[in-house]
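Visitor: Structure incoming, see below.
Bear in mind these aren't lab numbers, they're just calculated from the coordinates by the rules spelled out. Because the structure is a prediction, the values reported are computed rather than measured. Glycine gets a Cβ as well: all are built from the backbone with ideal geometry, and neighbour counts include every protein chain shown.
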């Protein structure tokens, strides 16, 4: 039996859309270019020892895509580090003509 998730943060949406930041560092541009709309993505909270752990976005195979915006990471990372789970999928994938911080939009569903 799986343990029940921790209480969800008050005043936060259990489902939302967000841009993915940091998509232009290293080989991430090529990773974003290979994404398809509807593709499942994996959200991983940063290390609990970090001051601001963040939430990292990966392809199912492990390739790093980027991270969620800081205003979302502030509440989502601590919840995930306490055992909360979230699913994500790509809903908009833009090319190099789109500013990097708007190139990838994902939909996130928090499992409650």
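Visitor: To check my understanding: the extent here is largest minus smallest coordinate of the Cα atoms along each principal axis. What are those three numbers for the chain, in Å, largest first?
Guide: 42, 29, 27
Visitor: Using the number of other C-beta atoms within 10 angstrom as an exposure proxy, rank 100, 36 with the fewest first. Walk me through the intermediate numbers first.
Guide: Numbers: 100 19, 36 8.
The most exposed by this proxy come first: 36, 100.
Visitor: Hey, another quick one. What's the exposure ranking of 23, 49, 29, going from fewest to most Cβ atoms within 10 Å? If you can, show how the numbers build up before the last one.
Guide: Values: 23 24, 49 6, 29 14.
Least crowded to most crowded, the residues run 49, 29, 23.
Visitor: Using a simple spin-label model with points 7 Å from Cα along the Cα→Cβ vector, what separation in nm is obtained for residue 44 and residue 92?
Guide: Calculated label separation equals 2.7 nm.
Visitor: Let me ask another. Test of understanding: ordering 72, 106 by Cβ neighbours within 10 Å, fewest first, what list do you get?
Guide: Values: 72 18, 106 24.
Listed from fewest to most nearby Cβ atoms, that is 72, 106.
Visitor: Under 8 Å for C-alpha pairs, at least 6 residues apart: give me the relative contact order for segment 15-112, rounded to a whole percent.
Guide: On the way: 201 pairs, mean separation 37.6, N = 98.
Averaging sequence separation for qualifying contacts and normalising by length gives 38 percent for segment 15-112.
Visitor: Can you give the helix-only mean residue ellipticity at 222 nm for the chain, where every DSSP H stretch with n ≥ 4 adds -39500 (n - 2.57) and the sum goes over all residues, rounded to the nearest 500 deg cm²/dmol?
Guide: Working: 2 runs with 19 residues, N = 112.
Dividing the helical sum by the residues of the chain leaves -5000 deg cm²/dmol.
Visitor: For the chain, find the longest principal axis of its Cα atoms and tell me its angle to the long axis of helix 70-81, 0 to 90°, nearest 10.
Guide: Around 50 degrees separate the two axes.
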